[in-house]
Each structure stands twice: as C-alpha cells, then as structure tokens.
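Novice: Sharing a structure with you now.
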Amino acid sequence: MNNLEYYISTDKSKLNIEAMNSLLRQSYWANERTEETIFKSIENSICYGVYKNEELIGFGRVVTDYSTVYWICDIIIDINHRNNGLGKKLMENIMATKELEGLLGILATQDAHGLYEQYDFVKEPHKFMMKKRTRL
C-alpha cells in the first residue's frame, strides 16, 4: 500500500453516505441496505474509512460495549482496489484500536477466513446462533 495514495481514518465526518451506499452494494451481505440504515450503523459504531486521496474505497466498522465484546462487520474494499493489501491494512488498524484490547472479538463471514486467521480469529463450529432480521 502506497502510504501517499491510501490512508485509513476513523473520522466519521469524512464518510459520505452515497459513497458508502455504492461501496456496500458490491457486497453480498449489505447490498440492500437503505441510506437511513447505513447512517444509523455509522452513528453507532467505530468506523474505519479507507481512502485513495479523498475518495472512499474501503470500509469496516466495529460494534462494541467497550468492556467485554466487539463485533467486526462490513469489511469491504472496492472491487477496483482489491489485491493491494488494503484489507490487511484495514484489519491492522482495527486490531490496533486500544479500546478493543483484551475484549472478545467476533465476526461472521462466509469468505476471507485466511485474512482473519492472521489476526487470531478461529472458526468455532456449533457455537453461534442468530435471529434472522425481519423486514418491516
């Protein structure tokens, strides 16, 4: 990653909802989110924007209670910027967040297991339950 071109920021004021919407539409898990839902998710999370110059080209967020557990979600790099080490750099930034030290980390993903295993995440079969989201 060329540090002069790419950078990561936790400044939520830099996040543009339209750019976020476009980015998340590339995913299989968030491609139907409304801008209102995206806004609320940003408001209630620690957010990490990945930028090329000032253009948002990646994103990740963490939901936490700051005392026992955190959940990493919405990790995405724009399809035109993948395979440049940006996902790894994003995870390095998340894992370096002081507020998360010593807490139980959780993530749910169908892909990129090799990436997350580099940060000590392990598969725990038969230990996860979920209530499916209902459409209102």
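Novice: Could you please let me know if residue 36 is surrounded by fewer than 13 Cβ atoms within 10 Å (Cβ to Cβ), part of a loop (DSSP other than H, G, I, E, B), acidic (Asp, Glu) and at negative phi?
Specialist: It is false that residue 36 is surrounded by fewer than 13 Cβ atoms within 10 Å (Cβ to Cβ), part of a loop (DSSP other than H, G, I, E, B), acidic (Asp, Glu) and at negative phi.
Novice: Now for a different question. Just to be sure before I move on: is residue 68 at pLDDT 95 or above and surrounded by 13 or more Cβ atoms within 10 Å (Cβ to Cβ) in the structure I sent? Lay out the reasoning, then the answer.
Specialist: Details: at pLDDT 95 or above: yes; surrounded by 13 or more Cβ atoms within 10 Å (Cβ to Cβ): no.
Here the answer is no, as residue 68 does not meet what is asked.
Novice: Restricting the first residue to the range 102-121 and requiring it to be on the phi > 0 side of the Ramachandran plot, which pairs with a second residue that is surrounded by 13 or more Cβ atoms within 10 Å (Cβ to Cβ) and of a type in the set (A, V, I, L, M) meet a Cβ separation below 9 Å and a spacing of at least six or different chains?
Specialist: Pairs found: 112/75; 120/95.
Novice: Run down 57, 17, 38, 46 and say which single residue is within 20 Å of residue 99 (Cβ to Cβ) and among the aliphatic types (A, V, I, L, M).
Specialist: 46
Novice: Test residue 76 against the stated conditions and say whether it is closer than 17 Å to residue 18 by Cβ, in contact with a strand residue (DSSP E or B) (Cβ under 6 Å, 6 or more places away or on another chain) and at pLDDT below 95.
Specialist: Answer is yes for this residue.
Each row is one residue, and each column tells you yes or no for (1) farther than 27 Å from residue 5 by Cα; (2) of a type outside the set (Ser, Thr, Tyr).
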site: 80; (1), (2): no, yes
site: 86; (1), (2): no, yes
site: 98; (1), (2): no, yes
site: 103; (1), (2): yes, yes
site: 109; (1), (2): yes, no
site: 121; (1), (2): yes, yes
site: 127; (1), (2): yes, yes
site: 130; (1), (2): yes, yes
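This table checks each residue for (1) at pLDDT below 95; (2) touching a Ser or Thr at 6+ places or on another chain (Cβ under 7 Å); (3) among the hydrophobic types (A, V, I, L, M, F, W, C).
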position: 19; (1), (2), (3): yes, no, yes
position: 22; (1), (2), (3): yes, no, no
position: 29; (1), (2), (3): yes, no, yes
position: 33; (1), (2), (3): yes, no, no
position: 38; (1), (2), (3): yes, no, yes
position: 53; (1), (2), (3): yes, no, no
position: 62; (1), (2), (3): no, yes, yes
position: 87; (1), (2), (3): yes, no, no
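Novice: Quick check on my filter: what residues within the range 40-72 are farther than 21 Å from residue 13 by Cβ and either touching a residue at least 12 places away in the same chain (Cβ under 8 Å) or among the small types (Gly, Ala, Ser) (or both)? Reasoning before the result, please.
Specialist: At the first step, the residues of the range 40-72 found to be farther than 21 Å from residue 13 by Cβ are 65-72.
Selection gives 66, 67, 68, 69, 70, 71, 72.
Novice: Okay, next question. Given the structure, is residue 57 hydrophobic (A, V, I, L, M, F, W, C), modelled with pLDDT of 95 or more and closer than 29 Å to residue 133 by Cβ?
Specialist: yes
Novice: Let me ask something else about it. Could you count how many residues in the range 15-32 are of a type outside the set (Gly, Ala, Ser), closer than 20 Å to residue 111 by Cβ and not in a helix (DSSP H, G or I)?
Specialist: Number satisfying all stated conditions: 6.
Novice: Name the single residue that is nearest to the chain's Cα centre (by Cα) among those in the range 4-28 being polar (S, T, N, Q) and over 15 Å from residue 52 (Cα atoms).
Specialist: The residue in question is 27.
The values are calculated or read from the model by the stated rules, or taken from the named source; none is laboratory data. Just so it is clear, the structure is predicted and the values come from calculations on it, not from any experiment. FYI the Cβ positions are ideal-geometry reconstructions off the backbone, even for glycines, and counts take in every protein chain you see.
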